[in-house]
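Just below is one structure, and these are the notes that go with it.
Please treat every number below as a calculation from the coordinates, not as lab data. Since this is a predicted model, take the numbers as computed values, not measurements. Cβ: placed from backbone, ideal geometry, glycine included. Neighbour counts: every protein chain shown.
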Amino acid sequence: MIYEKEKRYIIPFKEMLSPRVEMPEISVDERRGNFVEVEIGFPEKVAANEAKRCLSCRRCLGCGLCWAECRPGAIDFSLPDKELTLEFDEVIITKGQDNGFYPVSPNLGYGEYADVITDIQFERMLSPTGPTDGMIVSPLDGEIPERIAVVQGYSENDDDHLLSSLVLGVNESILALHKIEDLEVVIISPVCQSFKEWFLSDTEKISGLQIIEGWPESVGKSHNKDRLNLTYSENGQKRQEPFDLVVVLTKPKIH
């Protein structure tokens, strides 16, 4: 096939967003003495959900379905890459619009590792209208994470910010836990007194979520390892744990 010859095939990922539904079959007694079809097929709703599951691969697997279904013929896998030189009378460069935030420690790996993102980016990922249609995947390899760390990125003890960022972190964690079965989320941050009084007891009841009162120190990767190594301090002791995705809580900055 063209798309395979052009090296556009990507190795399939290991996990699916949801498991494959088993095909319903008639019972053993119903099969005796006849040639009735054993597999009875899916109901319409189940079949539609299965189709959506198959098309949620997040990567080009070289199946050519998009090419076959593209009525305008806009997809051409044989089209070679080209460099175009365009001439203009004027060029206007704009920064565009983005959500600004106070700088985070470079030791946390934001901007260095693709699987370290901000709370703003995580919020977009969680949204059904976001870039991944609400699916939580690592920007590095498209895999579904098993462990997510939500860490405090603003280094000053600002109680108002700590309260709002912790509430945001917990809310985002709850949404993530609802989307991925057996997901583990760990929030690492100083905990202000207001959060302890109003929210901590309820937060501790959330299955799959753990809050560690401490400071994140650095994020790195060992040689030949894909997972992130997060180093943090808790009660004066340094600890290190592996995570698939790190979300940095930021403090908004008005330009």
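Cβ-to-Cβ counts within 10 Å put Asp141, Asp244 in ascending order as Asp141, Asp244, the fewest first. When Leu230, Leu209, Leu65 are arranged by Cβ crowding within 10 Å, least crowded first, meaning fewest neighbours, the order is Leu65, Leu209, Leu230. Given +1 at the Cβ of Lys and Arg, -1 at the Cβ of Asp and Glu and no other charges, the dipole of region 88-166 around its Cα centre is 100 debye to the nearest 20. The ranking of Glu234, Glu143 by Cβ neighbour count inside 10 Å, starting from the fewest, reads Glu234, Glu143.
Taking a sphere under 13 Å around the Cβ of Trp215 and counting the other residues whose Cβ falls inside, with K and R at +1 and D and E at -1, yields a net charge of -2. With semi-axes defined as the square roots of five times the eigenvalues of the C-alpha gyration tensor, the equivalent ellipsoid of region 95-197 measures 22, 18, 14 Å, largest first. Here Asn235 and Glu143 are evaluated by their C-beta separation; at R0 = 30 Å the FRET efficiency comes out at 0.35. With a cut-off of 10 Å between beta carbons, the residues surrounding Leu162 carry a summed charge of -3, where Lys and Arg count +1 and Asp and Glu -1. Looking at region 163-237, the trypsin sites (Lys or Arg not before Pro) that sit in a DSSP loop and have at most 14 other Cβ atoms within 10 Å of their own Cβ are Lys205, Lys225. The charge dipole of region 106-249, taken about its Cα centre with unit charges on the Cβ of Lys, Arg, Asp and Glu (plus for the first two, minus for the last two), comes to roughly 260 debye.
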